[in-house]
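To keep things clear, I will list the structure first and then write my remarks on it.
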Amino acid sequence: MRITTAVPSDLDQLLAFRVEAASWISKLGSDQWSRPYPADRLLATIEAGTVFMLRDGKRTVGTITLTPEAEAGLWTSEELAEASLFINKLTVSRDYAGRDLGGRLLDWAGDRAYRSAARWLRLDAWTSNTALQRYYLDHGFEHVRTVREGGAVNGGPRVSGWLAQRTASPAPSGFEDQTPDPQPFEH
């Protein structure tokens, strides 16, 4: 399997991943990703070069977004002063479930963060999705805190405010990395 940088023609596949993941998560009792993600915002992240695709032959089987920008209101100014990369929208096709491809994508992201001189690999997860939180803890992340207020609508409850991080470190993912070398972190 290989990792490539997403291109605009991957947009439909990324939107399909989101629908597939939302359906699966809903069956587990979570409302995570129940609202459609705006295609124009997703296309902007593709064009920014922060979306990566995991491919098995000609088939796209997973995706991860890795960016130096944090969602507003989650991390403190002191934390934001530390060199960090942030994970978003990690998704693996249900056809490839049970192979720890998500864990390997996390390792790839941690290695990429390390190679860009970031100190931390960070993420925010759905506040009520304890199974997802456990998944990240099982993959070496440490819970930092849960931000419950300051959501996007009138400062109401935040739905994705469970914050976690792990040290950026070299880690073999076993994937063929066909992405450009990461840029050194500038903060």
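The values are calculated or read from the model by the stated rules, or taken from the named source; none is laboratory data. Just so it is clear, the structure is predicted and the values come from calculations on it, not from any experiment. Every residue, glycine as well, gets a Cβ built from its backbone with ideal geometry; the counts of neighbours run over all protein chains shown.
Of all residues in segment 83-103, those that are over 23 Å from Arg148 (Cα atoms) and either within 10 Å of the chain's Cα centre (by Cα) or touching a residue at least 40 places away in the same chain (Cβ under 8 Å) (or both) total 7.
Which of the residues spanning segment 137-162 are at pLDDT 95 or above, surrounded by 13 or more Cβ atoms within 10 Å (Cβ to Cβ) and not in a loop (DSSP other than H, G, I, E, B)? Let's see the steps before the verdict.
Kept after step one, since they are at pLDDT 95 or above, are these residues of segment 137-162: 137-144.
Now drop any that are not surrounded by 13 or more Cβ atoms within 10 Å (Cβ to Cβ), which leaves 137, 139-141, 143-144.
Answer for segment 137-162, where residues must be at pLDDT 95 or above, surrounded by 13 or more Cβ atoms within 10 Å (Cβ to Cβ) and not in a loop (DSSP other than H, G, I, E, B): Leu137, His143, Val144.
Residue-level analysis places Val61 among those that are at pLDDT 70 or above, of a type in the set (A, V, I, L, M), more than 23 Å from Gln165 (Cα to Cα) and surrounded by 16 or more Cβ atoms within 10 Å (Cβ to Cβ).
With Leu54, Leu105, Leu121 as the choices, which residue is buried (at least 18 other Cβ atoms within 10 Å of the Cβ), at pLDDT 90 or above and within 21 Å of Pro184 (Cβ to Cβ)? Walk me through how you get there before you give the answer.
On the way: Leu54 fails: within 21 Å of Pro184 (Cβ to Cβ); Leu105 fails: within 21 Å of Pro184 (Cβ to Cβ).
Checking each option against the conditions leaves just Leu121.
The residues of segment 66-116 that are assigned to a loop (DSSP other than H, G, I, E, B), within 16 Å of Leu163 (Cβ to Cβ) and polar (S, T, N, Q) amount to a single one, Thr76.
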